[in-house]
Structures are given as structure tokens and as C-alpha cells.
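Here is the structure we will look at, set down as C-alpha cells.
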Amino acid sequence: MREVKVVPYNENWPEMFNLEAENLQKLLPEEIIEIYHIGSTAIPDMPAKPIIDVLVEVKNIQQIDDFTERLATNGYRAFGENGIPGRRFFVKGTLSNRTHHIHMFQSGDKEINRHLAFRDFLIANHHEALQYGALKKKLAQENPVDIEKYIQGKHDFIQTIDKMAAVWGK
């Protein structure tokens with residue numbers, strides 16, 4: 001079980017993302033198309049687990065497997081698809097003290113737009129962002145050492161926001 005800690009928004013999160021994006025660009029210049037800050041740390045004033053979520057759009061997702069050792073040498077632990085077909089998921093930091101989650105998708109994968117729409121919808125819709133922040137704090141208090149229950153508790157809300165964001169984005 002992993003500790004669930006939701007903290008107030010940190011003004012340093014965007015800079016932490018920028019530094020990580022620069023690092024990834026240097027490690028994989030031949031494959032990266034674009035790098036995006038996603039997740040709650042990308043939403044101003046949103047409480048979040050202090051882990052920066054980075055979405056990396058790549059030319060060929062199969063090629064990423066060839067770079068696993070290069071990434072490992074630079075502190076990234078590979079987890080394969082980790083539950084999302086077509087994704088390559090990496091964790092930076094230790095498993096109990098993660099600093100970054102790296103989500104790599106091939107250009108054109110529907111998950112890219114879904115993640116960006118979710119982020120952009122919550123940035124533009126303060127009421128829903130406040131509700132999500134309150135839910136995350138409540139779930140973290142109720143499940144301080146059970147990340148799976150925390151994630152399950154957010155599931156329905158995330159599904160609702162995904163649907164709203166898909167309509168809103170059109």
C-alpha cells in the first residue's frame with residue numbers, strides 16, 4: 001500500500017514540469033513530438049498528490065521500448081502499458097516517493113485528447129475543479145494508506161468530467 005497525500009497547490013509545479021520536459025526532450029529527441037503537463041498539478045489552485053503528471057506524445061510507441069534502458073539510467077522505472085492499452089508508463093523517484101508519472105502515447109492516440117480535455121475543462125470550469133479538489137482531499141483523509149481505494153473513489157467523478165469535457169471541447 002502506498003501513502004495517499006493530497007496537498008495544496010504548489011506554485012513550483014509548473015516549473016517542475018518544465019524541467020522534466022526539458023530532461024525528457026534531451027533523452028528522447030528522436031521520438032518526442034510534444035510534451036504536456038496533465039493531471040491535477042497542471043490545474044492552478046487544485047490540491048493534488050505532489051506527483052507531476054507528464055504526457056509525452058511520441059512518433060512510434062513501439063520504439064519507446066527500445067529506450068527503456070536509457071530512461072532507467074536516468075531515474076525512470078518502466079511499467080509497460082500499466083492498464084491503458086497503447087501507453088508506456090514510467091515512474092520517476094522511488095515507488096514510495098514518486099516525483100513524476102510519465103505517460104507516453106503515440107501521436108493520434110485518443111488518450112492524448114482525453115487527458116488534455118480533462119485538464120482544460122477543469123481549468124475553465126472553476127466549480128467542477130473545486131468539487132474535484134474537495135473529493136480528492138476527502139478521499140485522501142479516508143484512505144491515507146490505500147491508493148487503490150483513493151483511485152476507486154475518484155472513478156465516477158472522473159468519468160463524469162470526461163463526458164462533460166468531451167462535449168465542452170467541441
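The values are calculated or read from the model by the stated rules, or taken from the named source; none is laboratory data. Keep in mind that what you see is a predicted model, and the values were worked out from it rather than measured. Here the Cβ is made from the backbone with ideal geometry for all residues, glycine too, and neighbour counts use every protein chain on show. Side chains included, ligands, DNA and RNA excluded: accessible areas come from the protein's heavy atoms. Shrake-Rupley method; radii C 1.70, N 1.55, O 1.52, S 1.80 Å.
Restricting attention to the range 153-170, the residues that are part of a loop (DSSP other than H, G, I, E, B) and of a type in the set (Lys, Arg) add up to 1.
For the range 36-46, the tally of residues that are crowded, with 21+ Cβ neighbours inside 10 Å and out of contact with any Leu (no Cβ under 6 Å at 6 or more places or on another chain) stands at 5. If you take the residues in the range 71-107 that are farther than 12 Å from Ile51 by Cβ and of a type in the set (D, E, K, R), which one is surrounded by the most Cβ atoms within 10 Å (Cβ to Cβ)? Filtering the range 71-107 for residues that are farther than 12 Å from Ile51 by Cβ and of a type in the set (D, E, K, R), the one surrounded by the most Cβ atoms within 10 Å (Cβ to Cβ) comes out as Arg88. Within the range 116-168, restricting attention to residues that are small (Gly, Ala, Ser) and surrounded by 14 or more Cβ atoms within 10 Å (Cβ to Cβ), the residue that is nearest to Arg2 (Cα to Cα) is Ala140. Across the range 1-48, the number of residues qualifying as touching a residue at least 24 places away in the same chain (Cβ under 8 Å), closer than 30 Å to Glu142 by Cβ and among the polar types (S, T, N, Q) comes to 3. Taking the criterion of being surrounded by fewer than 19 Cβ atoms within 10 Å (Cβ to Cβ) and assigned to a loop (DSSP other than H, G, I, E, B), the residues of the range 7-35 that qualify are Pro8, Tyr9, Asn10, Glu11, Asn12, Pro29, Glu30.
Taking the stated definitions as given, is Pro50 open to solvent by 70 Å² or more (accessible area, probe 1.4 Å) and within 17 Å of the chain's Cα centre (by Cα)? Here the answer is no, as Pro50 does not meet what is asked.
Report whether or not Met104 is within 28 Å of Ala129 (Cβ to Cβ), of a type in the set (A, V, I, L, M) and under 11 Å from the mean Cα position of the chain (by Cα). Yes.
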